[in-house]
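Bear in mind that the values in this text are calculations on the coordinates, not laboratory data. In this text, all values refer to a predicted model and were calculated from it rather than measured experimentally. Here the Cβ positions follow ideal geometry from the backbone for every residue, glycine too, while neighbour counts run over all protein chains shown.
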Amino acid sequence: MGKGDPKKPRGKMSSYAFFVQTCREEHKKKHPDASVNFSEFSKKCSERWKTMSAKEKGKFEDMAKADKARYEREMETYIPPKGETKKKFKDHSAPKRPPLAFFLFCSEYRPQIKGEHPGLSIAKKGVVKAEKSKKKKEEEDDEEDEEDEEEEEEEEDEDEEEDDDDE
């Protein structure tokens with residue numbers, strides 16, 4: 001069985017859940033011995049629900065409202081059990097994790113952004129920092145791509161020189 005409290009009130013049901021429940025009861029009356037393919041049954045119920053008028057759905061919506069009132073009434077008197085919480089003790093002698101690259105970037109550019117945008121809120125400053133960080137990353141990636149291309153060209157030149165030496 002699950003870890004939940006057995007004394008906790010049963011959850012409130014939606015109008016659709018009441019509709020499916022009545023469909024299931026009708027199906028059991030018509031076909032008492034037949035097994036039910038849940039996915040097909042659910043699809044048929046869903047189609048029937050979509051085609052129902054608001055007046056027809058009203059009965060189930062009233063049932064849902066009554067069940068919601070029951071649930072709220074029961075929850076007012078329900079007292080959850082005191083759970084045993086296991087507190088994780090932090091090892092203060094353990095080394096700190098290294099900061100993320102974005103946090104390093106922020107600490108480096110925070111004074112500059114404060115100077116450029118003195119009236120911005122903290123959230124807006126975060127957006128500006130994120131944009132600058134993204135631009136900087138793209139620039140670094142472009143530089144790395146150029147360096148990689150230069151290295152590839154040098155390797156190709158070396159390969160050609162070796163081929164020339166072999167001949």
How far apart, in nm, are the 7 Å Cα→Cβ label points at ARG70 and GLU131? 5.6
Residue pairs, from the table LYS7/LYS88; LYS8/LYS68; LYS12/LYS88; LYS7/LYS90; LYS87/LYS125; LYS28/LYS59, whose Cα atoms sit over 24 Å apart: LYS7/LYS88; LYS12/LYS88; LYS7/LYS90; LYS87/LYS125
Virtual spin-label span in nm between LYS43 and GLU147, 7 Å along Cα→Cβ: 5.7
Could I get the Rg over Rh figure for the chain? Both from C-alpha atoms, Rh via Kirkwood, rounded to two places. 1.31
Within the chain, helix-based [θ] at 222 nm, where runs of 4 or more DSSP H residues each add -39,500 (n - 2.57), nearest 500: -24000 deg cm²/dmol
